[in-house]
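Structure first, then comments.
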Amino acid sequence: MRLEGKIGIVTAGGSGMGRAGATRFAKEGASVAIVDLDGAKAEALAGRLRADHGKVMVIAGDLRRDEFAREVVSRTVDAFGGLDFVWNHVGHPGPAAVEGVDMSQYELAMDLNLRSVLVTTEAAIPHLRARGGGALLFTASIAGLAGSAYSPIYSMAKFGVVGFVRSLAKRLAPDHIRVNAVCPGMTDTPMLRTFVARPDQPSTSNQVPEMVVRQAVKTVPFGRAAKADEVANAALFLISDEASYVSGIALPVDGAATA
């Protein structure tokens, strides 16, 4: 198994790509802490994974709270005895509008996309260093590689994530800590409906006609959205020792959308 004996954290691990990643990592032998605001959803997943794949725990709470973001790391280390990887997957699409922007939504997006991952990473580094190295993985987006007319504030945040990854990869290289980002394109998760409802009107998934989703997906050269498992497979590679000489990359998983 590709993560046998490894200990890791997946934030926003209760649904979508994070759920797929937590499942994949556990199947590959890792002890996994699933962090999610929705504790019941995360616990339902963890219960199934424990039955088949061993050591899985849930840490429920709001990563916008700095003390909780740090606690995620300390509780994982206390429970499992160390830390080898973190997938900072948590994020938020933020407001679509620039004119008339809702600053409370802007702050929410920045807190989840940037501040929380900074605090979690800061807490994780000493524990990764103590293990002789490890892997930090961040979820950026293709909107962090090329500007998005529909999501300029989301792009702002995800460009920040990519810049942080590239800088941190150089800073932590002497400690044998690899730092990478996975950059999904359109992916078949509930958040996809939020994005295709743009540019300026907030929407929930049940307000977006599936025809609009299908039309958006047709713009992808592959002609379909990614599956959450396909993003999780890329995350697995970047976290695993198979990527032992890979650091500082922002890997598109986008069906050739940014090609």
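Modelled label positions at Tyr150 and Arg70, each set 7 Å beyond Cα in the direction of Cβ, lie 4.0 nm from each other. Taken as entire DSSP H runs, the helices of the chain that both span 15 Å or more between Cα atoms along their own long axis and average 1.0 or more on the Kyte-Doolittle scale are 228-239. Among Tyr245, Tyr150, Tyr106, the residue with the largest mean-square fluctuation in a Gaussian network model of the chain, with springs joining Cα atoms closer than 10 Å, is Tyr245. Overall, the range 63-162 carries a charge dipole of about 300 debye about its Cα centre when +1 sits on the Cβ of Lys and Arg and -1 on the Cβ of Asp and Glu, all other atoms neutral. Applying 0.36 nm per residue to the separation of Met103 and Phe222 and subtracting their alpha-carbon distance, the gain on full extension is 39.2 nm. Using only the C-alpha atoms, the convex hull of the range 1-138 corresponds to 98 Å³ per residue. Please give the residues of the range 219-233, grouped as numeric ranges, whose backbone N is less than 16 Å from a label point set 7 Å along the Cα-to-Cβ vector of Ala259. Residues passing the 16 Å test: 219-226. Toward the positive end of the charge dipole of the chain, with +1 on the Cβ of Lys and Arg and -1 on the Cβ of Asp and Glu, the farthest Cα among Val73, Ala157, Ala135 is that of Ala135.
Can you give the FRET efficiency for Asp78 and Glu242, using 1/(1 + (r/R0)^6), R0 = 25 Å, r = Cβ-Cβ distance, to the nearest 0.05? Plugging the Cβ-Cβ distance into 1/(1 + (r/R0)^6) gives 0.30. Listed by chain and number, the lysines placed with their C-alpha closer than 28 angstrom to that of Lys6 are Lys27, Lys41, Lys55, Lys158, Lys170, Lys227; residues fewer than eight positions away on the same chain are left out.
Largest first and in whole Å, the equivalent-ellipsoid semi-axes of the chain read 28, 19, 18, each the square root of five times a Cα gyration tensor eigenvalue.
Average projection, convex hull of the Cα set of the range 85-228: 9.2 square nanometres.
Here the relative contact order of the chain, from alpha carbon pairs under 8 Å that lie six or more residues apart, stands at 19 percent.
The numbers here are math on the coordinates, done by the rules we state, and not lab data. None of these values were measured; they are calculated from a predicted model. Glycine also receives a Cβ, built like all others from the backbone with ideal geometry; neighbour counts cover every protein chain displayed.
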